[in-house]
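Below is one structure, written out as structure tokens, with a few remarks after it.
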Amino acid sequence: MGVPEDLTVVHTADLGRQRLHELRALLDAAFDGQATDEDLRHALGGLHVLALRGGRLVGHAALVQRHLLAGGRLVRAGYVEAVAVDAAHRRRGLGSALVGVVEDLAARAHEAAFLSASADGARLYAARGWRPWRGPSGVVTPEGVRDTPEDDGGLHVHDPAGAWDVTGRLLCEWREGDVW
């Protein structure tokens, strides 16, 4: 799959200060002011799929690399962050198009794609073939492994072939803010 003409893929290094400010504003609007500085930082360091209308950022999805332990196996995962669409552009397929590009990028560069979804977002991902991770989740902290039961049921894997056993334990590395 190629990148649709109305979407652009750039690395964080090429976003620029103004786009970062636009991205923060888009996240704030899309998540009712609940987006944090850590949420933005989690989306940095990888690839960004941008939807621009009239030069204005109206949609975004990021793909960053993370190392996860899935069923005891270390996985080089493409982790999807900061998927957001401006309210005036929702329900027109833009979110699905953004995620489609991210899926393609992840399939070419990572062993698997993972994400943590809100209840609303989970419908979009399910429609695109993402499967909920059914096993317990946790985080590897400096003090050891800590369970994250609050995230169980919200984690998803893009697994078109159905190859992943989604019942095993899924662990991520520690990071500030939401670990997933």
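The values are calculated or read from the model by the stated rules, or taken from the named source; none is laboratory data. Bear in mind the structure is a predicted one, so any value in this text is a computation, not a measurement. Cβ sites come from the backbone with ideal geometry, for glycine too, and all protein chains shown count toward neighbours. Note: areas computed on protein heavy atoms with side chains; ligands, DNA, RNA excluded. Shrake-Rupley method; radii C 1.70, N 1.55, O 1.52, S 1.80 Å.
Give the residues of segment 146-180 that are within 22 Å of residue 123 (Cβ to Cβ), of a type in the set (A, V, I, L, M) and not in a loop (DSSP other than H, G, I, E, B), sorted by residue number. Selection gives 155, 157, 170.
Considering segment 1-39, the residues that are of a type in the set (Gly, Ala, Ser) and part of a loop (DSSP other than H, G, I, E, B) include one that is surrounded by the most Cβ atoms within 10 Å (Cβ to Cβ), namely 35. Of the residues making up segment 41-57, those that are without any contact (Cβ under 8 Å) to a residue 60 or more places away in the chain and either within 20 Å of residue 105 (Cβ to Cβ) or hydroxyl-bearing (Ser, Thr, Tyr) (or both) are 43, 44, 45, 46, 47, 48, 49, 50, 51, 52, 57. Residue 111 meets all of the listed conditions (1) within 24 Å of residue 164 (Cβ to Cβ); (2) in contact with a Leu (Cβ under 7 Å, 6 or more places away or on another chain) but one, namely (2). For segment 119-135, the criterion of being under 15 Å from the mean Cα position of the chain (by Cα) and of a type in the set (Ser, Thr, Tyr) is satisfied by at least one residue. For segment 96-132, the set of residues classified as in a strand (DSSP E or B), in contact with an Asp or Glu (Cβ under 9 Å, 6 or more places away or on another chain) and either crowded, with 18+ Cβ neighbours inside 10 Å or of a type in the set (A, V, I, L, M) (or both) consists of 112, 113, 115, 116, 130, listed by residue number. For segment 40-95, which positions are more than 22 Å from residue 177 (Cα to Cα), open to solvent by less than 20 Å² (accessible area, probe 1.4 Å) and not in a strand (DSSP E or B)? Within segment 40-95, 94, 95 qualify.
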